[in-house]
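Colleague: Take this structure first; my questions come after.
The values are calculated or read from the model by the stated rules, or taken from the named source; none is laboratory data. Just so it is clear, the structure is predicted and the values come from calculations on it, not from any experiment. No Cβ is skipped: glycine too gets one built from the backbone with ideal geometry, and neighbour counts run over all protein chains shown.
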Amino acid sequence: MRFALAQINSVVGDLQGNAEKILQFYNKAVEGKAELIIFPELALCGYPPEDLLYKKHFLEENLQIMQELAKNITKGTIIAGFAEPRGYHCCNSAAIITEGKISTIYRKGLLPNYGVFDEARYFDPGDKPVAIEIGGIKCAITICRDIWEIDWLSKFLSKLGKFELLVNISSSPFSLDKLPLRQSVIEDVVNEFAACVCYCNMVGGQDELVFDGRSVIVDSEGNPIAQAKGFEEDLIFADITKEDDSIKIECSATAPGQTEKIEDIYNALILGTRDYTIKNGFKKVLLGISGGIDSSVVAAVAAEALGKENVIGVTMPSKFNTNETKSDAAKLAENLGIDFLTIPIQNTLEEFDISLMQVKGWDNKGIAYENLQARIRGTILMTLSNQFDALVLTTGNKSETAVGYSTLYGDTAGGFAVIKDVLKTMVYELAKYINSKAQKEIIPKTVIKRAPSAELRENQKDSDSLPDYDLLDKILAGYVEQDKSIQQLIDSHLPAEQVLKTARLVDRNEYKRRQSPPGVKITTKAFGKDRRLPITNRYIPK
């Protein structure tokens, strides 16, 4: 029996468009002689559909369009995920379609309800295993989380008896170190059932999530036979045969390849930025380019994601910007080949200062004056966004976002925060990777070597207000991403004073993060749905 994994990029809510894509990949698979074509979890409606699932008409359309799609499936069999209405509720289901109709439906048994997953909020769990037989091969069907708890799965599938192929359709978002976890889960399945596994994962960006694809086929001895491409759509085929009790699986596609962590992060940022921009109806993006490391990396990602002709860089110098940073901003834009605008803000800043001098207590030497510069820049960018229908990309990194080293309605003003989940030390690694990948200097070396500064006052350095980023990022990795206590961090030989200061800054600035734009999630604990803490909060961590 020949089967195919169709790793597609669905758009949440675009039921008709997703159905057309399913049909397009189905036709390609049939041309390749596939008898079974497998699509990802919730391929018809996209993942996650969130509160669209509370709309009865949305659920009804899911079923209606799936039934219409089924009429075109006249050769072979497909398995595709959709949101199935069931009375006043719904299920995360897989439709098995053959001979022009839905012949069977499998309903997901285990519903994840942690981090970015809220499936228990929306779905009822299924309680019946489903298997189909094609060409003498018995296939057990599962959906995503079903295979992550092997004891539950073993008991759940015991009613099916022996099967040769376990199919798992999934929408598993990317995060660092996720791939080894998936591989370990699949190994457990193979060991438990002595069956081949085909794992079909979603690909694409959806709001803050990025789905990396990398669908995989593994034989009954645990050997990876083929892996689909990472971070792009793909279609791979395999042939499975049964002789007595022996199962053989062959594939002409390439075996899984290893990628470096920095390459995965870069590809995730590109895919997340591209899909967020295009799926939300924008063709162009714009961003402020300061001559610093963060805006340089964001500009490079944007140019790769959308094409240099669709990126506008804007530099907005004041008297505090050095000639070196102004020169580096221009050089970066030239290296990338993007449009570049220079809009000085010094005169505007002085006019604001004159007006504010009428207010008793106004001080143009303090933080309010520094933040005023950022707010003027934010206003300019948003005005250009209105004028040219271009999405504003913000350039704040996770380290700054964590401790509130940002200005509300200033550098946080925009539509999408590309490096929101990237720690500052990793931003530097990305800059080096971008230059290495291009085999030339895209981001000027002076940008990489220069001490980071907001340049909102004379001789300002980030280290005036924050610990060195090497230290800060270690504290943040423990406190934010690993939920360690202050005492645990101190016991791990991190300096107590800096740990206490950083933890208090993180907790105090939740209100800023709530008002900041969404951005690409790359870690297991990103700000947002992964980490839901109250804004009004008097708990003092110890």
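Colleague: Looking at residue 492, is it free of Cβ contacts under 8 Å to residues at least 60 places away in the same chain, over 30 Å from residue 115 (Cα atoms) and hydroxyl-bearing (Ser, Thr, Tyr)?
Modeller: Numbers: free of Cβ contacts under 8 Å to residues at least 60 places away in the same chain: yes; over 30 Å from residue 115 (Cα atoms): no; hydroxyl-bearing (Ser, Thr, Tyr): yes.
When the stated conditions are applied, residue 492 does not pass them.
Colleague: Looking for something among the β-branched types (Val, Ile, Thr) and surrounded by fewer than 21 Cβ atoms within 10 Å (Cβ to Cβ) - is there at least one such residue anywhere in segment 302-322?
Modeller: yes
Colleague: While we're here: Provide a single number: the residues in segment 199-226 that are in a strand (DSSP E or B) and out of contact with any Asp or Glu (no Cβ under 9 Å at 6 or more places or on another chain).
Modeller: Taking segment 199-226 and keeping what is in a strand (DSSP E or B), we get 199-201, 203-206, 209-213, 216-218, 224-226.
Those left that are additionally out of contact with any Asp or Glu (no Cβ under 9 Å at 6 or more places or on another chain): 199, 209, 211, 216-217, 224, 226.
Number of matching residues: 7.
Colleague: Of all residues in segment 231-249, count the ones that are assigned to a loop (DSSP other than H, G, I, E, B) and surrounded by 14 or more Cβ atoms within 10 Å (Cβ to Cβ). Can you show your working first?
Modeller: Taking segment 231-249 first, the residues assigned to a loop (DSSP other than H, G, I, E, B) are 231-233, 244-245.
From what's left, surrounded by 14 or more Cβ atoms within 10 Å (Cβ to Cβ): 231-233.
So the count comes out to 3.
Colleague: Are any residues in segment 509-542 of a type in the set (Phe, Trp, Tyr) and touching a helix residue (DSSP H, G or I) at 6+ places or on another chain (Cβ under 9 Å), and if so, which ones? Spell out the reasoning first.
Modeller: Narrowing segment 509-542 to residues of a type in the set (Phe, Trp, Tyr): 511, 527, 539.
Listed by number, the residues that qualify are 527, 539.
Colleague: Go through the residues of segment 11-33 one by one and say whether even a single one is part of a loop (DSSP other than H, G, I, E, B) and surrounded by 21 or more Cβ atoms within 10 Å (Cβ to Cβ).
Modeller: no
Colleague: Considering only segment 366-381, state which residues are surrounded by fewer than 15 Cβ atoms within 10 Å (Cβ to Cβ) and either closer than 20 Å to residue 344 by Cα or modelled with pLDDT of 95 or more (or both).
Modeller: The one that is surrounded by fewer than 15 Cβ atoms within 10 Å (Cβ to Cβ) and either closer than 20 Å to residue 344 by Cα or modelled with pLDDT of 95 or more (or both): 368.
Colleague: Among all residue pairs at least 6 apart or on different chains, which show Cβ distances below 8 Å where the first residue, located in segment 369-397, is touching a residue at least 12 places away in the same chain (Cβ under 8 Å) and under 14 Å from residue 343 (Cβ atoms) and the second is basic (Lys, Arg) and crowded, with 18+ Cβ neighbours inside 10 Å?
Modeller: The qualifying pairs are 388/284.
Colleague: Right, another one. So residue 456 fits all but one of (1) farther than 23 Å from residue 373 by Cβ; (2) of a type in the set (A, V, I, L, M, F, W, C); (3) assigned to a loop (DSSP other than H, G, I, E, B); what number is the exception?
Modeller: Residue 456 satisfies all of (1) farther than 23 Å from residue 373 by Cβ; (2) of a type in the set (A, V, I, L, M, F, W, C); (3) assigned to a loop (DSSP other than H, G, I, E, B) except (1).
Colleague: Moving on to the next point. Here are some conditions: (1) of a type in the set (Gly, Ala, Ser); (2) under 30 Å from residue 137 (Cα atoms); (3) touching an Asp or Glu at 6+ places or on another chain (Cβ under 8 Å). Residue 272 meets all but one. Which one does it not meet?
Modeller: (2)
Colleague: Residue check, residue 71 against (1) in contact (Cβ under 8 Å) with a residue 40 or more places away in the chain; (2) among the basic types (Lys, Arg); (3) in contact with a strand residue (DSSP E or B) (Cβ under 8 Å, 6 or more places away or on another chain), all met but one. Which one?
Modeller: The one condition residue 71 does not meet is (1).
Colleague: Within the bounds of segment 445-459, is there any residue that is in the same structural domain as residue 304 (by TED's automatic domain parsing) and under 26 Å from the mean Cα position of the chain (by Cα)?
Modeller: Yes, because at least one residue in segment 445-459 is in the same structural domain as residue 304 (by TED's automatic domain parsing) and under 26 Å from the mean Cα position of the chain (by Cα).
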